[in-house]
Every structure is written in structure tokens, then in C-alpha cells.
1. Confirm whether Asp83 is at pLDDT 90 or above and over 30 Å from Thr22 (Cβ atoms).
2. Determine which member of the set Val57, Val90, Val61 is β-branched (Val, Ile, Thr), over 18 Å from the mean Cα position of the chain (by Cα) and more than 26 Å from Ser158 (Cβ to Cβ).
3. Name every residue in the range 160-178 that is at pLDDT below 90 and hydrophobic (A, V, I, L, M, F, W, C), in order of residue number.
4. So in the range 20-46, with the set limited to residues that are among the hydrophobic types (A, V, I, L, M, F, W, C) and in contact (Cβ under 8 Å) with a residue 24 or more places away in the chain, which one is surrounded by the most Cβ atoms within 10 Å (Cβ to Cβ)?
5. Name the pairs whose Cβ atoms lie under 8 Å apart, with the first residue in the range 134-163 and on the phi > 0 side of the Ramachandran plot, the second in a loop (DSSP other than H, G, I, E, B) and among the polar types (S, T, N, Q), and 6 or more positions between them or separate chains?
6. Among the candidates Gln105, Gln128, Gln112, single out the residue that is within 17 Å of Ala67 (Cα to Cα) and either within 14 Å of the chain's Cα centre (by Cα) or of a type outside the set (Lys, Arg) (or both).
7. Take Ala92 and tell me if it is small (Gly, Ala, Ser), at pLDDT 95 or above, over 30 Å from Gln17 (Cα atoms) and surrounded by fewer than 18 Cβ atoms within 10 Å (Cβ to Cβ).
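The values are calculated or read from the model by the stated rules, or taken from the named source; none is laboratory data. Quantities reported herein were computed from a predicted structural model and do not represent experimental measurements. Don't worry about glycine lacking a Cβ; one is built from the backbone with ideal geometry, like all the others, and counts go over all protein chains shown.
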Amino acid sequence: MVVVIIHPNDNLWFTQQFQNATNAGLVVEAYVYLYFDEYYYDPTASAGQQCTYKGTVPDQVQRAINALLSSPLGAYYTRIWLDCEEEPSVCASFPSASQIVQLLQSAVTQIQNAQFTAGVYTRGSWWQTCTGDSNAFTSLPLWYANPDGNPDLLTDWSGFGGWYCPSAKQWGQTLIDGVWFDRDTILEGV
């Protein structure tokens with residue numbers, strides 16, 4: 001499986017990624033990075049330009065869905081992973097754990113109403129802190145980030161969020177021809 005980041009403002013980019021992956025015989029799924037405080041913070045930007053408004057979480061998810069549905073390749077995507085890893089920034093107040101759970105529940109409903117399935121991508125520490133270790137999403141597949149260099153899915157699994165077993169693990173990165181790639185282990189049939 002290859003996962004393509006959805007860039008609603010750059011349909012050409014993910015369309016090219018999709019075509020390259022499918023031409024190589026790979027299955028492609030999509031994910032959308034969620035900005036829970038609605039802003040992207042860039043500390044390297046000049047003063048007054050550090051916070052970029054990204055819209056509400058429902059807006060972010062809808063833009064991703066619209067980008068997929070408007071793409072000639074949109075019918076080939078089956079799952080949208082909700083990327084939950086944004087840390088609180090200085091741009092705006094960060095939602096409470098219960099608010100984040102509500103936002104995620106709404107995002108899952110949006111995705112399902114658009115005839116896609118949803119999955120959750122996150123780190124254990126983020127999930128425990130930012131959702132209060134909510135177990136409201138155990139029916140969804142979990143792809144957890146733990147860059148420990150070990151590709152084994154369960155060796156370091158300590159459990160969080162009520163998930164009994166993860167479906168995937170990002171365990172590292174590698175540099176190939178000047179481009180960084182994530183290294184993941186993914187259960188077959190996820």
C-alpha cells in the first residue's frame with residue numbers, strides 16, 4: 001500500500017502520485033492532516049506570517065473529499081486516514097479532548113457519507129493527551145507512529161485508545177535519491 005497526502009490545493013500533485021503508484025501495481029489510500037486549532041504554524045516564517053488559517057476540521061475534511069471526488073481517479077480511493085498529530089501552537093486555542101473526539105466523530109461521518117471508509121493515524125502519546133485516550137474509534141483501523149526502527153507491528157505495542165491491535169505502524173524513514181520516505185508495516189487486507 002502507498003498512502004498519498006491529499007493536498008486540496010494541488011490536485012495535480014496527488015493525481016501524479018496516484019498514477020505512479022497504480023502503474024507500479026500498488027494500492028493507494030489517502031490521508032488528510034488535521035489542524036485541530038485551524039492554523040498551520042511555521043516558526044521560520046517572517047513575523048506576522050507564521051500562522052496560516054486552514055479552516056475548521058469539517059472544512060478540511062470536506063476539501064479533501066471534494067478533491068478526491070473531483071479527481072478522475074477519485075473512485076479508486078477507498079479509505080481516508082485521519083492524521084491526528086498536530087500539536088497545540090501559538091496561533092489559536094487548542095480544542096479540549098472532548099471537542100477533539102467530537103470533531104473526529106464528525107469527520108468519520110463525513111467520510112462515510114461520501115462512501116469512503118475512515119482510519120486513524122496517530123501516536124500513542126498524542127492520542128492519550130489530546131483525546132483523553134478515547135476508545136470511541138476502535139471500529140476503525142489504527143495506523144500508529146512509533147519511529148523505533150523496528151518493523152515488527154506488535155513488539156512495542158502497549159495499547160491505547162481501546163484498540164486491541166494496530167493495523168499499521170510507521171517505524172522509520174529512509175532517504176532515497178534525496179527524498180524522505182516513511183517506512184511502515186501494514187497488515188495484509190487492512
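1. Judged against the criteria, Asp83 is not a match.
2. Details: Val57 fails: over 18 Å from the mean Cα position of the chain (by Cα); Val61 fails: over 18 Å from the mean Cα position of the chain (by Cα).
Among Val57, Val90, Val61, only Val90 is β-branched (Val, Ile, Thr), over 18 Å from the mean Cα position of the chain (by Cα) and more than 26 Å from Ser158 (Cβ to Cβ).
3. Passing the criteria: Leu175, Ile176.
4. Top of the filtered list is Val32.
5. Hits for this filter: Gly161/Thr131; Gly161/Ser134; Gly161/Asn135; Gly161/Thr138; Gly162/Ser134; Gly162/Asn135; Gly162/Thr138.
6. Residue meeting the stated conditions: Gln112.
7. No; evaluated as a whole, the condition is false for this residue.
Let's see how each residue does on (1) modelled with pLDDT of 90 or more; (2) loosely packed, with under 14 Cβ neighbours inside 10 Å:
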{"site": "Asn9", "(1), (2)": "no, yes"}
{"site": "Gly48", "(1), (2)": "no, yes"}
{"site": "Thr52", "(1), (2)": "no, yes"}
{"site": "Gly55", "(1), (2)": "no, no"}
{"site": "Ala107", "(1), (2)": "yes, no"}
